[in-house]
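I have placed the structure first, in the form of structure tokens, so that the comments after it can refer back to it.
The values are calculated or read from the model by the stated rules, or taken from the named source; none is laboratory data. This is a predicted model, so every value here is computed, not measured. Every residue, glycine as well, gets a Cβ built from its backbone with ideal geometry; the counts of neighbours run over all protein chains shown.
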Amino acid sequence: MAEEDVLKFIAGNGEKIVLRLAGCDDAEEIISVIKTNAPDRSYELMELYGTKPDSVKKYICSMDFDKNLLLVAVANNIVVGALSGIQMDGGKRPQTSHILNIGLHMVTAYRGLGIGSQMLRFAIDWAKQHSFKKLEANIFTTNKRSLHVFERVGFVEEGTRQKRIRIGKQYIDEVLVGKVL
Ligand SMILES: CC(C)(COP(=O)(O)OP(=O)(O)OC[C@H]1O[C@@H](n2cnc3c(N)ncnc32)[C@H](O)[C@@H]1OP(=O)(O)O)[C@@H](O)C(=O)NCCC(=O)NCCS
């Protein structure tokens, strides 16, 4: 099921925000949200979606929305945030298919308004309803805001992987956070 409103609320700046399940038609807007997050930090979704609009659309349109979640936050008919919940290993390994990997991205102007937290809470409920047993996310150790937001909704740090990501000549440590459902 996609492209339906799931939640409406007022953000910290007073604007009305609609959360809705996304689909094929949202591909371009989602990738532009991710790109505004500083392209070099968005490796995870970019790896999945590819960098060209066509490959993004192909990936999103091929998603099984019973096992994967794509959620957008919309303000004034513009997508300002995107959350992806991707079944681990594409659901191909029964040993890990109970895990949903979360990626969360807000455009700069809409950060710090409580929207990301609302999207995470929705994802937690969605995962429970779809029989997932655990949520995981990978966060750069330097990304204190993101760590704070995930911990506030019940994720705990499970370990740090050093030099996990290479960006140019720089290697970045990453924290794995998880929430058992
Ligand atoms: C991380 C992100 C998704 C959070 O979404 P958001 O809508 O901005 O988050 P919220 O407004 O719901 O909550 C922000 C919280 O972080 C806190 N915060 C802000 N800057 C912070 C910092 N440097 N250190 C710790 N906490 C910080 C705020 O005080 C607020 O917490 P509070 O409500 O307890 O006061 C968003 O900021 C973003 O897109 N960042 C860039 C991409 C990214 O880092 N993605 C995460 C990787 S999965």
**Message:** Just to verify a result, which residue in segment 84-102, among those that are buried (at least 21 other Cβ atoms within 10 Å of the Cβ) and of a type in the set (Gly, Ala, Ser), is modelled with the highest pLDDT?
**Reply:** 85
**Request:** Mind listing just one residue for me: the one in segment 31-73 that is hydroxyl-bearing (Ser, Thr, Tyr), assigned to a helix (DSSP H, G or I) and at pLDDT below 80 and, of those, farthest from residue 90 (Cα to Cα)?
**Result:** 36
**Request:** Using the structure shown, decide if residue 81 is small (Gly, Ala, Ser), surrounded by 15 or more Cβ atoms within 10 Å (Cβ to Cβ) and assigned to a strand (DSSP E or B).
**Result:** yes
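Please specify each residue of segment 72-94 satisfying the condition of being closer than 14 Å to residue 131 by Cβ and either away from the ligand (no atom under 16 Å from the Cβ) or without any contact (Cβ under 8 Å) to a residue 12 or more places away in the chain (or both).
Initially, segment 72-94 is screened for residues closer than 14 Å to residue 131 by Cβ, giving 85, 87-88, 91, 94.
Within segment 72-94, 87, 91, 94 qualify.
Out of segment 131-146, which residues are surrounded by 15 or more Cβ atoms within 10 Å (Cβ to Cβ) and at pLDDT 95 or above?
Taking segment 131-146 and keeping what is surrounded by 15 or more Cβ atoms within 10 Å (Cβ to Cβ), we get 132, 134-141, 143, 146.
The answer is 132, 134, 135, 136, 137.
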**Message:** Can you find a residue that is touching a Lys or Arg at 6+ places or on another chain (Cβ under 7 Å) and within 11 Å of the ligand (Cβ to nearest atom) anywhere in segment 146-159?
**Reply:** yes
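Can you work out which of the residues in segment 95-118 that are more than 10 Å from the ligand (Cβ to nearest atom) and not in a loop (DSSP other than H, G, I, E, B) is farthest from the chain's Cα centre (by Cα)?
At the first step, the residues of segment 95-118 found to be more than 10 Å from the ligand (Cβ to nearest atom) are 95-100, 109.
Next, only the ones that are not in a loop (DSSP other than H, G, I, E, B) stay: 99-100, 109.
Numbers: 99: 14, 100: 10, 109: 17 Å.
Only one residue fits best here, namely 109.
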**Fill in**
residue 69 meets each of (1) surrounded by fewer than 16 Cβ atoms within 10 Å (Cβ to Cβ); (2) more than 13 Å from the ligand (Cβ to nearest atom) with one exception, condition (1)
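Looking at segment 167-175, can you tell me whether even one residue there is within 11 Å of the ligand (Cβ to nearest atom), part of a strand (DSSP E or B) and farther than 28 Å from residue 26 by Cβ? First the steps, then the outcome.
So in segment 167-175, the residues within 11 Å of the ligand (Cβ to nearest atom) come out as 174-175.
Applying the additional criterion that residues be part of a strand (DSSP E or B) yields 174-175.
Retained after the next criterion (residues that are farther than 28 Å from residue 26 by Cβ): 175.
Checked segment 167-175: at least one residue is within 11 Å of the ligand (Cβ to nearest atom), part of a strand (DSSP E or B) and farther than 28 Å from residue 26 by Cβ.
Being of a type in the set (A, V, I, L, M, F, W, C) and under 17 Å from residue 127 (Cα atoms) is the filter here, so list the residues in segment 157-181 that pass it.
Within segment 157-181, the first condition is being of a type in the set (A, V, I, L, M, F, W, C), and the residues that meet it are 165, 167, 172, 175-177, 180-181.
Listed by number, the residues that qualify are 177, 180, 181.
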**Request:** Please identify the pairs in which a residue from segment 119-143 that is near the ligand (Cβ under 10 Å from one of its atoms) has its Cβ atom under 8 Å from the Cβ atom of a residue that is at pLDDT 95 or above and of a type in the set (S, T, N, Q), counting only partners at least 6 apart or on another chain.
**Result:** 137/101; 138/101
